[in-house]
Amino acid sequence: MHELVINLHMHTRYSDGSGTHAEIAQAALRAGLDAVIVTDHNVLVSDLSDYYRDGDRRVLLLIGEEIHDTRRDPQKNHLLVFGANRDLVSLAENPQRLIDSVRNSGGLAFIAHPVDPAAPAFGEPDISWVSWEVQDFTGIELWNAMSEFKSLMKTRFRALLYGLNPGLVARGPFQATLQKWDDLLPKGRPVVAVGGSDAHAFPASLGPIHRTIFTYEFHFRAVNTHILVPEPLDGDAAGDRRQILDALRLGHAYIGYDLPASTRGFRFTAQGKDGLVWMGDTLLLESGVTLQISLPRRTECRLLKDGQVIKTWRKREICTYITTEPGVYRVEVFLSYLGRRRGWIYSNPIYVRQ
Ligand SMILES: [Zn+2]
Ligand SMILES: [Zn+2]
């Protein structure tokens, strides 16, 4: 398997972002990403999807869409749609019909910022997902970098502090979002977790000072989604796009907060009698199953089964655990950075079934 680092969920001038697709591609090249997925609100700008190059470096820019019902008040229920190949915004009013249409079009549907608290000091409403009766979505955006910033904007002073020092923001997905995911996971169908930046590159002013806060390049060095694909990308945009979407569909992915240190190289696998599987996969429990975790650096790592921590390792690079019990197993890794213990890696689960 080959690892790719991608950043998904971001906005351009076609909706409420400040940059262009070309500027996003340049920022992604500087940050060393393999691909980005642009998701403007309720508009599909598909003709700008392509490889963008700088010298011998290249980045694949893919186009998705963030769809929500603009007539709803407040405007909750945002859905990230990738690979549907057509604009489905006319179905926004009914989240289940929208999700069904995305899947029937061969696309992927991720619930955006499932928990997104209000920021009353700025008049920003809560735009969490509320229609949890929906089924058959691909997954959820477990970690949204901008929701986290929004949760810290309690006063103008604090918003300024974090806006000027964005490295202080990230701690990890909200507990409520993790809880929601852990509640959904045992219910049969896999639910894939991704991390999104929700980058807008906001222009901000304080008196004579004008700055862009949370630039695209900052986001692209922070909360990324790492995916595992069977073949290295070969520069053919259509084939490479297919590999990326397939990996997201299968959950061959983990969320990495790459700002403190690159999370590249993390692996979570399970070995059973019938062979080796990757995060996102299902393995039948025959006798014992060996779960193996490889970490890019020695730090705190914990294994969860059905939402409960069952083992914690410290200062290990390789962690192994043998189980004879069915369940949904996933991994969380923490790192100390800027004076605080922060979430560093969140794996997709391995489903051990009877
Ligand atoms: Zn949104
Ligand atoms: Zn967004």
Residue satisfying all of: in segment 12-31; more than 16 Å from ligand 2 (Cβ to nearest atom) and in contact (Cβ under 8 Å) with a residue 40 or more places away in the chain; farthest from residue 67 (Cα to Cα) among these: 30
Of all residues in segment 109-168 being in contact with a strand residue (DSSP E or B) (Cβ under 6 Å, 6 or more places away or on another chain) and assigned to a helix (DSSP H, G or I), the one that is modelled with the lowest pLDDT: 163
Residues (farther than 23 Å from residue 223 by Cβ and buried (at least 19 other Cβ atoms within 10 Å of the Cβ)) located in segment 330-354: 351, 352
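Table: residues versus (1) among the small types (Gly, Ala, Ser); (2) more than 16 Å from ligand 1 (Cβ to nearest atom).
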{"site": "184", "(1), (2)": "no, yes"}
{"site": "187", "(1), (2)": "no, yes"}
{"site": "193", "(1), (2)": "yes, yes"}
{"site": "197", "(1), (2)": "yes, no"}
{"site": "219", "(1), (2)": "no, no"}
{"site": "222", "(1), (2)": "yes, yes"}
Selection within segment 263-304 - modelled with pLDDT under 95 and part of a loop (DSSP other than H, G, I, E, B): 273, 274, 285, 286, 287, 288
Residue in segment 240-258 that is surrounded by fewer than 17 Cβ atoms within 10 Å (Cβ to Cβ) and closer than 19 Å to residue 172 by Cβ present: no
Yes/no for residue 299 being out of contact with any helix residue (DSSP H, G or I) (no Cβ under 8 Å at 6 or more places or on another chain), crowded, with 17+ Cβ neighbours inside 10 Å and of a type outside the set (Lys, Arg): yes
Complete set of residues in segment 98-130 that are farther than 19 Å from residue 244 by Cβ and surrounded by fewer than 14 Cβ atoms within 10 Å (Cβ to Cβ): 104, 120, 121, 122, 123, 130
Total residues in segment 32-60, condition more than 27 Å from residue 261 (Cβ to Cβ), acidic (Asp, Glu) and either within 16 Å of ligand 2 (Cβ to nearest atom) or touching a Leu at 6+ places or on another chain (Cβ under 6 Å) (or both): 1
Leading residue by the ranking (farthest from residue 332 (Cα to Cα)) among those in segment 205-257 that are of a type in the set (Val, Ile, Thr) and in contact with a Gly (Cβ under 7 Å, 6 or more places away or on another chain): 213
Neighbours by Cβ (under 6 Å, 6+ apart or cross-chain): first from segment 179-203, surrounded by fewer than 17 Cβ atoms within 10 Å (Cβ to Cβ); second modelled with pLDDT of 95 or more and not hydroxyl-bearing (Ser, Thr, Tyr): 186/306; 186/328
Filter result (over 13 Å from residue 216 (Cβ atoms) and away from ligand 1 (no atom under 16 Å from the Cβ)) within segment 11-51: 32, 34, 35, 45, 46, 47, 48, 49, 50, 51
Any hit, segment 62-80, residues being away from ligand 2 (no atom under 16 Å from the Cβ), within 24 Å of residue 246 (Cα to Cα) and surrounded by 15 or more Cβ atoms within 10 Å (Cβ to Cβ): no
Failed criterion for residue 134 (all others in (1) more than 19 Å from residue 40 (Cα to Cα); (2) of a type in the set (Val, Ile, Thr); (3) within 16 Å of ligand 2 (Cβ to nearest atom) hold): (3)
Segment 200-227, subset over 24 Å from the mean Cα position of the chain (by Cα) and of a type in the set (A, V, I, L, M), residue modelled with the lowest pLDDT: 206
Flag if residue 267 is basic (Lys, Arg) and either over 28 Å from residue 64 (Cα atoms) or touching a helix residue (DSSP H, G or I) at 6+ places or on another chain (Cβ under 7 Å) (or both): no
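The values are calculated or read from the model by the stated rules, or taken from the named source; none is laboratory data. A quick note: this is a predicted structure, and the numbers were derived from the prediction, not measured. Here Cβ is always computed from backbone atoms with ideal geometry, including for glycine, and neighbour counts include all displayed protein chains.
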